[in-house]
2 protein chains.
Amino acid sequence: MIEKPASKAQAITSEVRRRIVDREWRQGDRIPDEAELAVEFGVARATVNKALQLLAEEGLLDRKRRAGTHVTVNPARKTTLTIPIVREQVEGAGMEYSHRVVAQKLSPLPADIAARMALTEGAALIHLRTVHYGDSRPFQVEDRWINPEAAPGAELIDFQRINANEWLVRNFPWLRNDMAFSAENANARDARLLETRQGAALLVLQRTTFNDLGAITSVRLAFHPGYQMLATP
Amino acid sequence: MIEKPASKAQAITSEVRRRIVDREWRQGDRIPDEAELAVEFGVARATVNKALQLLAEEGLLDRKRRAGTHVTVNPARKTTLTIPIVREQVEGAGMEYSHRVVAQKLSPLPADIAARMALTEGAALIHLRTVHYGDSRPFQVEDRWINPEAAPGAELIDFQRINANEWLVRNFPWLRNDMAFSAENANARDARLLETRQGAALLVLQRTTFNDLGAITSVRLAFHPGYQMLATP
């Protein structure tokens, strides 16, 4: 039977991972170089290279051109979160999506949001409050500021027709974003809009996005009590 | 006045963005090729290329060598979170780190944690409760289960000497992890250990890690009220 190179590299990946997990090779250790491993495993050097590259991408190995390959001392623990469009998120959970715009008007920007957006306090921005529903139950309440200078056309949109989240994602990709998770006790407005009790613990996502024209939008998303945001592998 | 190439490219970037925003070019549409746009805008092809490249980096355009340039259909919105070692996190904020193990013993695994770890309910695992402090103020309370089958040696460690978070990260790299963020109202134990009032909203991170031997550990981390977890760009 002729083994394909892909499965050969995979077998080496597994064996190297096993040695690290079993601590035959310990954190900080320099592992044998590609040529030695190619001889040991009876494969081409390119196959070893491919296997080690995969483990480096996983964060298990640290490869430097001159210093050789070491077992990572303090593996980075990075996790990727995909921020879904709320409609897709609700529909993905098998519920029917709807939304209701509670307020949409030009308002003077408050100081805290101005600081987040690197804009002037009191500047006239679009202020939107929206409730998103799944099967008519409140899913998320959204408090959003939109900067028409960085999102031209926003002042002409009726966000009851298309929700702002979706319109912005489809039209204004960002270059940079600031994002923070926190927990807040529901205030009176949150409680009313999410149809829950005041004081209930809410997962809150604060997010500000920027393009080359400046801050596009800053939003506070508060999820219904009990909501869990899962990280994707 | 002689326009600089940089500003020419910028002007083309703005015009292409306007056409997408105004939906003259719609999502999925193939846009004219570089040569045509160079003629239309009266600039060098390299200038058009530069402008389109910027929009591709923003995620607004999708460029493929053979298929040409299309308006992106559904821009991805991925964000990376780095989960720090709690000691480094506290020290990084300029505070002095300390921790206190409140309980460390072998206990029968409850059903909900068993399901998360894909282990049998009632199996004897190490159960740990720890409070982490910054400048003697509670920073985080940790409720952790450790599986000695996947983390051999854990049963011999005094986790008051080295905190479990750090010991596991340094010794047991994981292959796969499940992670979820949520908000919970502090229960009586949380309130006592975090020195806060019962009902305060806490950011909670539930995390289970696995290696090729099975689940290593499952932990509930509850942060002090007001804590914000920032995503790194």
Determine, from the Cβ-Cβ distance of A:Glu24 and B:Met95 and an R0 of 35 Å, the FRET efficiency 1/(1 + (r/R0)^6), rounded to the nearest 0.05.
0.40
Under 5 Å between amide hydrogens, which residues at least 5 positions from A:Asp212 or on another chain qualify, with H placed 1.01 Å from N in the peptide plane?
none
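I'd like the FRET efficiency for B:Ala124 and A:Ala115, computed as 1/(1 + (r/R0)^6) with the beta carbon distance as r and R0 of 41 Å, rounded to 0.05.
0.20
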Scalar couplings 3J(HN,Hα) for the stretch A:37-51 by Karplus 6.51 cos²θ - 1.76 cosθ + 1.60 (θ = phi - 60°), nearest whole Hz, x for Gly and Pro, are 5, 4, 5, 4, 8, x, 10, 5, 4, 5, 5, 4, 4, 4, 5
Determine the shape class of the protein assembly as shown: with a ≥ b ≥ c the square roots of the Cα gyration tensor eigenvalues, call it rounded for a/c under 1.5, and otherwise prolate if a/b is greater than b/c, oblate otherwise.
oblate
Nm distances between the label at B:Pro108 and the same-position labels in the remaining copies, 7 Å along Cα→Cβ, shortest first?
6.5
In which sequence would A:Thr13, A:Thr82 go, from the one with the fewest C-beta neighbours within 10 Å to the one with the most?
A:Thr82, A:Thr13
What residue among B:Gly59, B:Gly134, B:Gly214 has the largest mean-square fluctuation in a Gaussian network model of chain B, using Cα springs under 10 Å?
B:Gly59
With the label 7 angstrom out along Cα to Cβ, how close does B:Gly226 come to the same site in each of the other copies, in nm, nearest first?
3.1
How high is the relative contact order of chain B, in percent, counting Cα pairs under 8 Å that sit 6 or more residues apart?
15
With θ set to phi - 60° and the Karplus curve 6.51 cos²θ - 1.76 cosθ + 1.60, what are the ³J(HN,Hα) couplings of the stretch A:196-211 in order, to the nearest whole Hz, using x for Gly and Pro?
9, 8, 4, x, 4, 6, 10, 6, 10, 10, 9, 8, 10, 10, 10, 10
What list of ³J(HN,Hα) values in whole Hz, one per residue of the stretch B:81-86 in order, does the Karplus curve 6.51 cos²θ - 1.76 cosθ + 1.60 (θ = phi - 60°) give from phi, with Gly and Pro shown as x?
10, 9, 8, x, 5, 4
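Going by how many other Cβ atoms sit within 10 Å of their own, how do A:Ile162, B:Ile113 line up, fewest first?
By the 10 Å Cβ count, ascending, the order reads A:Ile162, B:Ile113.
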What aspartates and glutamates could a cross-link reach from A:Lys105, if we take a straight Cα to Cα line under 15 Å and drop same-chain neighbours fewer than 8 places away?
A:Glu142, A:Asp143, A:Glu155, A:Asp158
What nm distances, shortest first, do you get from the label point of B:Gly122 to those in the other copies when the point sits 7 angstrom along Cα to Cβ?
7.1
Label B:Asp33 and A:Ala46 with points 7 Å out from Cα along Cα→Cβ: what is the distance between them in nm?
3.1
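Any read-out appearing in this document is the output of simple, stated calculations on the displayed coordinates, not a laboratory observation. What you see is a predicted model, and the numbers here were worked out from it, not measured in a lab. When we count neighbours, we look across all protein chains shown, and the Cβ atoms used for this are built from the backbone with ideal geometry, even at glycine.
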